[in-house]
Structures are given as structure tokens and as C-alpha cells.
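Structure first, commentary second.
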Amino acid sequence: MRTTHWIGGKPWNGVADRTGDIYDPATGRVAGQVDFASAAVVDEAVAAAREAFTRWRTVSLAQRTSVMFAFRELLNARRSDLAQILTAEHGKVLADAAGEIQRGLENVEFACGIPPMLKGGYSENASTQVDVYSIRQPVGVVGVITPFNFPAMVPLWFVPNAIACGNTVVLKPSEKDPSAANFLAELFAEAGLPDGACNVVHGDKEAVDRILEHPTVKAVSFVGSTPIARYVYETGTRNGKRVQALGGAKNHMVVLPDADLDLAADAAVSAGFGSAGERCMAISAVVAVDPIGDELVGKISERIAGLRVGDGRRPGCEMGPLITGAHRDKVRSYLDAGRAAGAKLVVDGRSHPIDGADAGFWLGPTLFDHVGTDMSIYTDEIFGPVLSVVRVPSYDAAVELVNANPYGNGTAIFTNDGGAARRYQNEIEVGMVGVNVAIPVPVSYYSFGGWKDSLFGDSHAYGPHGVHFFTRAKVVTSRWLDPSHGGVNLGFPQNS
Ligand code: NAD
């Protein structure tokens, strides 16, 4: 199977200089190839988007949203086809793929209702017989660059809102699981979106660099690891674009001694090992406040033992493989590194039973206890099924630890003390906070974003921030009646 670019409403028909392998992570087999875009191919996509923008920006809100409603219906009807693609290329289990699509659909539904978000303000008679009003207009061609771990949801965070706001898009998904992006672009075409309004280019740094440099691209939404997010932000802004670049994470779940420990253990296991830990909102560090450490670790271990790891297409499997063999090997290397650094390896994922082909990219759920903040298993974003328990003596020590971490994507506190939860939400330097909720991904009508090294730029993703990011403000001052203003007057205009 070959996955190629989607430009101007149809598959690209050139011959790629470079391609990459697409794996089925549950079997370890190469399932297809993806074309990598050269700078010239990116230029073709940007030209198609630019051409489409001249018309699409003039299309009425009523017509734009009717395309979005049609897209929503098609996506809803075909969600199980898309889930199959996600599981085949990413490896996440089908139920998890369905959840990803559902959260993506919520963003499409937000885009269906975008007209009220685009309303401006109007001041009649701001000066005598002079009215002042503000409007928001699309920025133009938007680049969207996305990571491997949510091949459908993260594109859906950006593309529907960008298009509903009147922009046109060049989407560059992860080369590791590229086919979901084409599926979405084809559905947009079927929904009636004009050719060129949603383009997909595949590839790696070469394609990304061209998007970041191209003078016609006016805005870039990026999601990925922190080093690349920083690079994309710096390069894009240096080239005059507005950029929102969401980066990596190390999410802490603080468990206070008064918490319901069964609830906390369920949540730690679900949020630590769902999607094999390959979520930017995964919990990777449980901060156990004395004296509950032993009891909590016991409850988490019991639950890990019951997890079914295997091929996501097989009924009953709860956790799939990692994305590539290289990534699995890297994640697995942390098991020895953690032990060598002095952490206690409570559950070793290498011996977990696997319901899948031997050559799949497997690593079972792993639990470390007594993890120190100087150990690489704590400092690095492992992005795999490795959960660390860090023990602290008090609430204050927990807050100090979380705030000292360079990442600030998501965090959770588990407690029955409303006052402590209220203090935590106020004191913690993290962009998204859960109270007895381990994965506090905001609903589509709020916005998603971390603090510190988890986000570069001042705009969060989707929701109201997304609309703001994808539009430019314009203020009009107008006089229709009594156009005379007393002849030539070189003084600065004053309101009267
Ligand atoms: P990645 O940074 O390797 O890749 C992200 C995108 O950047 C891909 O499209 C990739 O092709 C491109 N890219 C990779 N290397 C590049 C380079 N040197 N120059 C230019 N472009 C490059 O990330 P990934 O491994 O695909 O995804 C996992 C990471 O994404 C994790 O760090 C995770 O925390 C993060 N993530 C963050 C969020 C968030 O909302 N903050 C959401 C999902 C994933």
C-alpha cells in the first residue's frame, strides 16, 4: 500500500524521491510506504491552498458551516473505518481509537457552531455620527504539523476550526501513521469542501522546514515533542508567522492521604498505560504523599497484573504495542536505567503476557517505586508504559516537586479535601488540572494547552483560542451621514 500527498482535491501523481515505511506495530511488519514531500511538493500544496483561499474566504458562513455539518455526518458514519486505520498504523486498541475519534468529532461539532465565535463588536455613535466596529478575518494559508500519537484527533483540533474560520490548510501529519490524514481530507472533499482548501503533504523535516519558511503560509499549528516544538516556534516566528507549538509532557498525579485509594489506583493505571503511555496527557509520575505510598503501590500493582496487552484488533485487549521497534527499544532501556539509578522495579513489563505476534513492538506495563527526581526515568519524557511513583512527605513538597518540573502540560490531584484541591488548582504551574480526573483534556469549547516547556506561543489549541489564532482582528471606523468634517484639518482626529 502506498500513501501519497493529497493536493488540490486529489492524490498527488508524481514520483517521490524519498519514501518511508509504515509499520503495523502489532505484527512488526512493514504494511506500506509513504511518500516524503520535497520542498517543491510543499510548494505545490501551498499554491493550491493559496488559490483556494482567494475563493474560500468569500464563501458565506452559512455555506462554510454547511460543509462542516456534512463533514461531521460523514465522519460520524465512517468512524469505524477510521478506527481500523488508527489501530493498524498506530497500534492503539480499537476502543481507544474510537475514543480518539469521538474527541476529534467534538472539535468538528465546535466548528459547526463557529458563527457566534466570529461575531465582532459594534459601537454606534462612538463619535458623532461615527460608528466603530470590529471584525475577524481569516489569516490565509495555515500549516498544521501533527504527531504520531493522535493521527486523527490532533489534526481535528486544528483543521476544522481553521477552515470554518475561512482559511485553507496544508496538513503535515506524522510519517509514522500518515493514512488517517488522507482519510480526513477525502471526507472533506466528499462533504463539499472546494479543491485545495484542505491539502495533505507527507514527510519529515524537509517538508516541515519548507512550511516554516514559505512566505505564503501565515500561521502554523504544531504538536509534537518539546525540542521540535521549540524549533518550530523559533523558526516559524523568525519567518514572520504566528505559531502555536505544543510540546511534550511529564504529567504528575498527586495522591493525598485522604484520597480514595481504589479510585486513585484505577486512575493511575488507566492514565499511565492507556495507549501504551503514548499520550501527551498520560500520567507518568504518581506523587504519593506520606503515608499512603505502600498501599497505593500495592493497589496499582494488582491492577497492572490484570491488564490484557496485545493486538488492538483482538477483542478484550486493553493496551497495544509501541509505535516502532526503535521507540520500544528506547522505552525498554529505561527499565535498566531506572534500576541502575536505584529505583525499585516493582512490575517489570518485559515479562507481561502478550496476546499478539512475537515480532510486534511490545512492552508490558512497568511500575517503578521510590523514584528520585534526578533519575532519567523521572526527568525524561519516556512516552511509553512506564509509571514512576515518587514519594513526598507533604502536600507542600508535592506542589514544589510538580512546579520544579520543566514541563507543565497536565496534572491531577486525588483527594477528598475540597480545600486542598482548591489550593492545588491555584498554586500549580500547569496548564490543565484535574481534580479526581486523571486526564483532564478540556472539552472542545475550552482550549487545550500546557505551560512552560509544554507550549511555545501564547495561544492554546482549539476552542476560543483556536478561533482567535486562526483569525486576524480588524476595526472599522465609519461615517455615512454628514460626511463633512469641517474641511481640511491637519490635527489628530478627536472624538466628539
Ligand atoms: P515529534 O516531535 O517527533 O514529531 C512531531 C512532528 O514533527 C511530526 O510531524 C514529525 O514529522 C515532525 N518532525 C520530527 N522531527 C522533526 C525535525 N527535526 N524537524 C522538523 N519537523 C520534525 O513527535 P512525535 O514523536 O510524533 O509525538 C510524540 C510527542 O508529541 C511527545 O513528546 C508528546 O508529548 C507530544 N505531544 C504533545 C501534545 C500536546 O498537546 N502538548 C499532544 C500530542 C503529542
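Taking Cα atoms only, the orientation of helix 79-89 departs from the longest principal axis of the chain by about 60 degrees.
Among 427, 318, the sequence by solvent-accessible area, most first, with a 1.4 Å probe is 318, 427.
Test of understanding: express the Cα radius of gyration of segment 251-435 as a ratio to 2.2 N^0.38 Å, with N the residue count.
Dividing the Cα Rg of segment 251-435 by 2.2 N^0.38 Å gives 0.99.
For residue 114, neighbours were defined as the other residues whose beta-carbon sits under 11 Å from its Cβ, and their charges (Lys and Arg +1, Asp and Glu -1) total +2. For the chain, the mean residue ellipticity at 222 nm estimated from helices alone is -11500 deg cm²/dmol, where every DSSP H run of n ≥ 4 contributes -39500 (n - 2.57) and the total is divided by all residues, rounded to the nearest 500.
Extension gain, residue 376 to residue 206: 0.36 nm times the residue separation minus the Cα-Cα distance gives 58.1 nm.
Share of carbon and sulfur in the accessible area of the chain stands at 52%, probe radius 1.4 Å.
Could you size up the charge dipole of segment 251-435 around its Cα centre, putting +1 on the beta carbon of Lys and Arg and -1 on that of Asp and Glu, and report it in debye to the nearest 20?
520 debye
Which of the aspartates and glutamates could be linked to residue 452 by a straight reach, that is with a Cα gap under 18 Å, when you skip same-chain ones fewer than 8 residues away? Within reach: 234, 380, 381, 400, 427, 429. The Cα-based radius of gyration of segment 363-435, divided by its Kirkwood radius, gives an Rg/Rh of 0.97. Calculated accessible area for segment 251-435 comes out at 37 Å² per residue, all protein chains present (probe 1.4 Å; ligands, DNA, RNA ignored). Residue ranges 281-291, 128-138 sort as 281-291, 128-138 when ordered by packing (mean number of other C-beta atoms within 10 Å per residue, highest first). Compared with the dominant Cα axis of the chain, that is its longest principal axis, helix 153-164 is turned about 10°.
Local charge for residue 56 was computed over the other residues whose Cβ lies under 13 Å away, with Lys and Arg +1 and Asp and Glu -1, and equals +2. Between helix 395-404 and the chain there is an angle of about 60 degrees, using the helix long axis and the longest principal axis of the Cα atoms.
Size descriptors for segment 182-236: radius of gyration and Dmax over Cα atoms are 13.3, 38 Å. Could you work out the local net charge near residue 357, counting Lys and Arg as +1, Asp and Glu as -1, over the other residues with Cβ closer than 15 Å to its Cβ? Once positives and negatives cancel, what remains is 0. Stokes-Einstein diffusion of segment 160-309 at 4 °C, 1.567 mPa s viscosity, Kirkwood radius from Cα pairs, rounded to a whole number: 70 µm²/s.
Using Cα centres only, tell me the gap between segment 149-181 and segment 433-454 in whole Å. Using only Cα atoms, the two centres lie 20 Å from each other.
Kirkwood radius, the chain, all distinct C-alpha pairs, inverse of mean reciprocal distance: 23.9 Å.
A 18 angstrom limit on the alpha carbon distance is what I want to check against. Which of 218/474; 92/344; 10/176; 92/176; 92/205 exceed it?
The pairs that break the limit, which is 18 Å between Cα atoms, are 92/344; 10/176; 92/205.
The values are calculated or read from the model by the stated rules, or taken from the named source; none is laboratory data. Just so you know, these numbers come straight off a predicted model, no measurement behind them. Glycine also receives a Cβ, built like all others from the backbone with ideal geometry; neighbour counts cover every protein chain displayed. Side chains are part of the model used for accessible areas, which takes the heavy atoms of the whole protein and leaves out ligands, DNA and RNA. Shrake-Rupley method; radii C 1.70, N 1.55, O 1.52, S 1.80 Å.
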